[in-house]
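The values are calculated or read from the model by the stated rules, or taken from the named source; none is laboratory data. Remember, predicted model here, so these are calculated numbers, not experimental data. Here the Cβ positions follow ideal geometry from the backbone for every residue, glycine too, while neighbour counts run over all protein chains shown. Note: accessible area is taken over every heavy atom of the protein model, side chains too, but ligands, DNA and RNA are not part of it. Shrake-Rupley method; radii C 1.70, N 1.55, O 1.52, S 1.80 Å.
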Amino acid sequence: MGSSYSTVVPEDASGTRIALKTPAVIPTGTYTLHVNSGYHLCVLAFRDDDTYVGSGGVLLGFYDNSNELTVTDSTYRHLGILVRKASGTLLTESIADAGLVLTYEETVVLAANTITLATVVDVQSCTRYYLLQSSTLNPPAKPTTKPPGGSWDDTEPTYTSGSTNSLYFCDLTLFSDGTWSYSNVSKSSAYEAAKEAYNRAIAAGQTAEAAQTAAELAATNIELLGGKVSSRGGQLITNGTGIMGDNTNFSSFVYDPLNACNGSNGSFTRTSPASPVMLDEYVPLMGGVDYRLEFDLKSQNGLATSYSLMRFYDADKLTIVSSQIMFVPRTLTTLTQDLAPGDTVVHLADLSGWSTNNASATHQRGIIFWNYTNSFGYTYPPETYSRKVYGSLFTDANVNKNAGTITLTNPWPAANGAVPAGTKVSQRRSGSTYKYIAIEGSAVPNTWTHYKGVMHGETDLSGQNKSDMLPPGAAYCKVGFLWNYNSASDTLWVANVSLKEDYWTAIDKAQEDAEQAQDAADRAQDAADDAQESADANARAIQLLDQSVSGLSTQFNVFSSGIEATIEDHSEILSAMSFSTEGMKIQMAGSIYYTLTDDVGYHIYQNDKEIASFSEGKGKMDELQIGGIICRRTSKGGWVWTGVT
C-alpha cells in the first residue's frame with residue numbers, strides 16, 4: 001500500500017463548485033473511485049502548471065461508487081474532482097453542506113494502482129463536563145443525554161481547601177452529521193493533586209506541631225527523668241527515699257512527709273488488704289548480677305504479718321508466672337504428630353518420665369510447649385520460658401505411656417492454635433507467682449526495722465521456681481509488698497526502698513575465691529614438696545644403681561677383661577641413663593632395689609624378690625629393664641648397662 005492523504009473538500013469562491021488537485025503524481029493506469037452514497041464525482045485531469053481540462057477541455061467523466069477511471073495521457077499527471085449532490089445540478093448547486101473529506105491512497109493491487117476517494121463525518125465541537133461528588137461514592141456513569149443532566153457542569157470547579165471530594169469529567173463530541181457521543185468518565189488528576197498537596201501541607205503542619213510538642217515533652221521528660229535519676233541515689237528505685245516530695249513511683253501508696261526514717265525525706269503508707277501492691281516502674285535487669293533489696297518498715301500496732309516481693313517480666317513487659325517456667329523433671333519429649341484444633345489425642349515420643357499420680361497435684365495435668373516467640377522474634381529454648389502452657393487437659397488414666405499418647409478431656413481448642421510435629425514439650429507444673437525476699441511472713445514491729453535480702457542473678461533452669469534466683473526470660477522486675485497477710489488491717493509505712501547490685505555478696509564471693517586460690521596454692525606447694533621428694537628418691541636410685549654397677553665391676557673377676565672394660569667407667573653409663581619416678585617407681589610404688597653377693601654370684605632384688613642374678617658371667621635372662629636402665633647380655637657372656645632410648 002502507498003501513501004494515504006486526507007483533506008476536507010473546500011468550496012470554490014462562488015460556492016458552487018470545488019476542485020481539488022491530488023498532490024502526488026498519478027501514473028497512467030486504471031483506478032477505482034469511491035464516493036459517499038448520494039453524491040456524484042466529476043473527474044478532471046490536471047497538468048503540472050495547474051491547468052486542467054474540464055469545460056472546454058478533457059472531462060474524464062462523472063462517476064458513482066466503484067466506477068473505474070483509466071488515465072492514458074501522461075501529460076495529465078494529476079486528478080481533480082467536482083462533487084455535487086445527486087439531485088443537484090453540477091456547477092450551480094452549493095455543496096457547502098456536503099461535509100466531505102477526500103481520502104485517496106496509492107495501492108498496488110495485482111500490479112495496478114488504486115485510488116480510494118471517501119467522505120468522513122467531521123467533528124463539529126467537543127465540550128468537557130465536570131461532576132464533583134463525595135470520594136466515598138462510586139464513580140458516576142457516562143451520561144446518556146445531551147446535555148448531561150444531574151450535577152454535571154461544563155465549568156471546572158476550583159479546589160476548596162480541606163475538601164475530600166473527587167472531581168470526575170467526560171467529553172461530549174458533536175459530529176457534522178448531527179450525531180454525538182460521550183467519552184468514558186475519568187477522575188481529574190489535577191484535582192486529586194491539589195487535594196494531595198493540601199493534605200500534605202496540613203500533615204506537614206501537624207508534623208511540625210507534633211515535633212514541637214514532642215520537643216517540649218522531651219524537655220519536660222528530661223527534666224523529670226533527671227529528677228528521677230537523681231532521686232535514685234545510685235540505686236534502681238526512683239524516689240525510694242521520698243526525695244521528690246510526693247508518691248512518684250509509689251502511686252498505690254500515700255506519701256507521708258511526717259514519718260521519716262534514717263535520713264529519708266518521708267515514707268509511704270498504706271492500710272491494705274492481703275493483696276500484693278507493686279511499685280510503678282519496671283526495673284531493667286542484667287543477667288549474672290545479684291540484686292540486694294533493702295528498706296525500712298514499721299507498722300502502727302505491730303500486728304501485720306507481711307511480705308516483700310519481686311515480680312518479674314519478660315522483654316515485652318509481660319508478667320512471668322510460675323507455670324510458664326516450671327515443668328516436671330525428665331519429661332522433656334517431642335510431639336510426633338501435628339496437634340490441630342479438634343484433635344483429641346496428643347502423640348509424643350516418650351512418656352516414660354511423665355507423672356500419672358497427680359491426685360494431689362492436679363496442676364501437673366497439663367502441657368507446656370517450648371515454642372514461644374516474643375515480639376522481637378526470639379524463640380526461647382526448651383525448659384526455659386514459654387507462654388504456651390495449658391492445664392486441666394487430661395486425667396491420669398488417659399496417659400498411655402506404652403502407646404506414647406495422651407487422650408484429651410476436651411478437643412484441642414481453636415484458640416490454642418495448631419502445634420506442629422517436632423515441637424518440644426514437657427509436663428507442666430505450677431507454683432508461686434512471686435519471689436519473696438527480705439521479709440517473708442513475719443510480723444512487722446511498730447518501730448522502724450531494717451530489712452534486706454538478695455536475689456541471685458543466676459538464671460534458675462531447674463524448672464522448680466527457686467525463690468532466690470531469677471526466672472528464665474526475666475528482663476524487668478518490680479518491687480512490691482504484701483501487707484496484712486493475716487488480715488490484721490494494720491497501717492504500715494515503708495522508707496528508704498532501694499534495689500542495687502549486691503556488692504557485699506560480690507565481696508564475699510571474692511573472699512571465697514581468694515580462699516580457694518590460697519587452698520590451690522597450698523596444694524601446689526604440697527605437690528612441689530612431693531616432686532622434690534621424688535627427685536630425692538631419683539637421686540638415691542641413681543646412687544643405688546651406681547653402687548650396683550660398681551659392684552659388678554669390682555666383685556666379679558670371673559668376667560672377661562672385655563666385659564670389665566665395658567663397665568669399668570660407670571660415669572659413662574650414668575650419662576646415658578634416664579631416671580624418673582615413672583621409670584624406677586622407687587618410693588612412689590614402695591619399691592626398694594638392692595644387691596646381694598653370695599657363693600652363687602651377684603643378685604638384684606626388688607622388695608625382697610629376686611629379679612636378676614649373675615653367675616659365672618651368665619645371667620638368667622638376656623635382657624632386664626630396671627626403670628630407665630636396660631641391662632643387656634653381650635656375646636662375650638657379660639652385661640652392658642644403657643639408658644632406655
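I'd like to check something: does the range 378-394 contain any residue that is open to solvent by less than 20 Å² (accessible area, probe 1.4 Å), of a type in the set (A, V, I, L, M) and in contact with a strand residue (DSSP E or B) (Cβ under 9 Å, 6 or more places away or on another chain)?
No, the range 378-394 contains no residue that is open to solvent by less than 20 Å² (accessible area, probe 1.4 Å), of a type in the set (A, V, I, L, M) and in contact with a strand residue (DSSP E or B) (Cβ under 9 Å, 6 or more places away or on another chain).
For every residue, the table says whether it meets (1) surrounded by fewer than 17 Cβ atoms within 10 Å (Cβ to Cβ); (2) closer than 18 Å to Ile320 by Cα.
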| site | (1), (2) |
| --- | --- |
| Met455 | no, yes |
| Ser462 | yes, yes |
| Asp468 | yes, yes |
| Lys478 | no, yes |
| Phe481 | no, yes |
| Ala488 | no, no |
| Ala495 | no, no |
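Mind checking whether some residue in the range 413-425 is open to solvent by less than 40 Å² (accessible area, probe 1.4 Å), assigned to a loop (DSSP other than H, G, I, E, B), under 28 Å from Asp314 (Cα atoms) and modelled with pLDDT under 95?
no
State whether the residues of the range 254-268 include one that is open to solvent by less than 50 Å² (accessible area, probe 1.4 Å), among the charged types (D, E, K, R), assigned to a strand (DSSP E or B) and touching a residue at least 12 places away in the same chain (Cβ under 8 Å).
Yes - at least one qualifying residue is present in the range 254-268.
State all residues of the range 156-184 that are more than 52 Å from the chain's Cα centre (by Cα) and of a type in the set (Val, Ile, Thr); if no residue qualifies, say none.
Listed by number, the residues that qualify are Thr173, Thr179.
I'm told Asn398 meets every condition in (1) without any contact (Cβ under 8 Å) to a residue 24 or more places away in the chain; (2) open to solvent by 60 Å² or more (accessible area, probe 1.4 Å) except one. Can you identify the failing condition by its number?
The number of the failed condition is (2).
Got a sec? Which strands (runs of 3 or more DSSP E) wholly within the range 94-179 have at least 1 residues that are among the basic types (Lys, Arg) and at pLDDT 85 or above? Give the derivation first.
Numbers: elements: 101-105, 107-109, 112-114, 123-133, 166-175.
Those strands (runs of 3 or more DSSP E) span 123-133.
Scan the range 359-375 for residues that are farther than 16 Å from Gln427 by Cβ and of a type in the set (Val, Ile, Thr) and report the count.
1
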